[in-house]
Every structure is written in C-alpha cells, then in structure tokens.
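Worksheet for the structure shown next.
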C-alpha cells in the first residue's frame, strides 16, 4: 500500500519538529556556542572564534543592575587569577545601557577584561535572547556551552569548573 501525500507531509513534518526539538532542548554541555562578534570599548573586533582553545566566560550586564555591580569585583579577581592560565572574560553591555555610562563604569571599577557594547542586541539574541542581567555563559575550550546562569554566580563552583578546563 502506497502512502498518500498527506501522510508523507505529516511524516516529514514530524521528523523536522523532532530534530528541532532535539537541538533546542539539547543539554547545555552539548550545544555549540553561537558566534560572538562585537566591538570592544577600545575599538577592537572580538570574536569567539579567535578564542577557540580557551575557556571563555561571557557575562551580560548593565550599569543599572545591582547584582551585576556586585559581581564585578569577583569577576576581576577571577580574571586576574585565571587569565594568565588561559581564561578569557567578555563583558557584554546590554543594548539599553548608554555607552558613556558603560565607559564610566569600566574606568571607575578598573575592569581589566574586554567589554563589548551590544548596541544592536545581536549578541544577546544569539545567546537565547538574553533579557535578564546578570546572565553568564561559560564556554569550553572546544566552543561548547557548559554553564548558563541567570542571576548571581556561585563563584567557588564557577572557579572550580574553570580550573578543571585549564
């Protein structure tokens, strides 16, 4: 018995939906990180591709976010301790944050890691439409998302995870 046209369309549709669902709900450690391309405050173009082989911590933040401000000293310590061993940290300033305010905060807090202005929301969109700050994503040296966190970080656990990658 030959399947009719509707049965074939339904079968193909089901397969496509199942593939999409498998990718979308794939465990975090198996998902490849989206490309991150942005301009840093000092005018450099920064991409995740150039950091392949190193763990990368991407933190979405805003100057008006109290939790983000609370995390900055801990991120600075983490960067100073682990950057010489290979860790890279990228702070992504949200699109709604005025660039002059971001620059002032970076200077005031003496943030040593790269800060990217996401003025067109391309980076936030690529990372599952980030809207809440702080949101932090840890990417393995192989380019896979291994940790995705909304809210304050558990810094001892994060440090342990990163050190295991170095």
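Bear in mind these aren't lab numbers, they're just calculated from the coordinates by the rules spelled out. Because the structure is predicted, anything quoted here is derived from the model rather than measured. Don't worry about glycine lacking a Cβ; one is built from the backbone with ideal geometry, like all the others, and counts go over all protein chains shown.
If we keep just the residues of the range 52-82 that are free of Cβ contacts under 8 Å to residues at least 60 places away in the same chain and under 18 Å from residue 131 (Cα atoms), which is surrounded by the most Cβ atoms within 10 Å (Cβ to Cβ)?
The residue in question is 63.
Scan the range 117-147 residue by residue and report those that are over 13 Å from residue 57 (Cα atoms) and in a strand (DSSP E or B).
If the condition is that a residue be over 13 Å from residue 57 (Cα atoms) and in a strand (DSSP E or B), then 117 is the only one that fits.
Please state which one of 123, 115, 145 is crowded, with 19+ Cβ neighbours inside 10 Å, closer than 19 Å to residue 165 by Cα and touching a strand residue (DSSP E or B) at 6+ places or on another chain (Cβ under 8 Å).
Values: 123 fails: closer than 19 Å to residue 165 by Cα; 115 fails: closer than 19 Å to residue 165 by Cα.
Of 123, 115, 145, the one residue that is crowded, with 19+ Cβ neighbours inside 10 Å, closer than 19 Å to residue 165 by Cα and touching a strand residue (DSSP E or B) at 6+ places or on another chain (Cβ under 8 Å) is 145.
Out of curiosity, is residue 134 within 19 Å of residue 33 (Cα to Cα), in contact with a helix residue (DSSP H, G or I) (Cβ under 8 Å, 6 or more places away or on another chain), surrounded by fewer than 19 Cβ atoms within 10 Å (Cβ to Cβ) and touching a residue at least 24 places away in the same chain (Cβ under 8 Å)? Don't jump to the end; show me each part of the working.
Working: within 19 Å of residue 33 (Cα to Cα): yes; in contact with a helix residue (DSSP H, G or I) (Cβ under 8 Å, 6 or more places away or on another chain): yes; surrounded by fewer than 19 Cβ atoms within 10 Å (Cβ to Cβ): no; touching a residue at least 24 places away in the same chain (Cβ under 8 Å): yes.
Against the criterion (within 19 Å of residue 33 (Cα to Cα), in contact with a helix residue (DSSP H, G or I) (Cβ under 8 Å, 6 or more places away or on another chain), surrounded by fewer than 19 Cβ atoms within 10 Å (Cβ to Cβ) and touching a residue at least 24 places away in the same chain (Cβ under 8 Å)), residue 134 does not qualify.
Is one or more of the residues making up the range 62-73 in contact with a strand residue (DSSP E or B) (Cβ under 6 Å, 6 or more places away or on another chain) and more than 21 Å from residue 162 (Cβ to Cβ)?
Our first condition is that a residue be in contact with a strand residue (DSSP E or B) (Cβ under 6 Å, 6 or more places away or on another chain); within the range 62-73, this holds for 68.
Still in the list and also more than 21 Å from residue 162 (Cβ to Cβ): none.
Looking for residues that are in contact with a strand residue (DSSP E or B) (Cβ under 6 Å, 6 or more places away or on another chain) and more than 21 Å from residue 162 (Cβ to Cβ), one finds none in the range 62-73, hence no.
State all residues of the range 148-166 that are surrounded by 14 or more Cβ atoms within 10 Å (Cβ to Cβ), in contact with a helix residue (DSSP H, G or I) (Cβ under 7 Å, 6 or more places away or on another chain) and not in a loop (DSSP other than H, G, I, E, B); if no residue qualifies, say none.
First, pick out the residues of the range 148-166 that are surrounded by 14 or more Cβ atoms within 10 Å (Cβ to Cβ): 148-149, 153, 158-159, 161-162, 165.
Filter again for in contact with a helix residue (DSSP H, G or I) (Cβ under 7 Å, 6 or more places away or on another chain), leaving 148, 153, 159, 162.
Listed by number, the residues that qualify are 148, 159, 162.
What is the number of the single condition among (1) farther than 19 Å from residue 44 by Cβ; (2) without any contact (Cβ under 8 Å) to a residue 12 or more places away in the chain that residue 149 does not meet?
Failed condition: (2).
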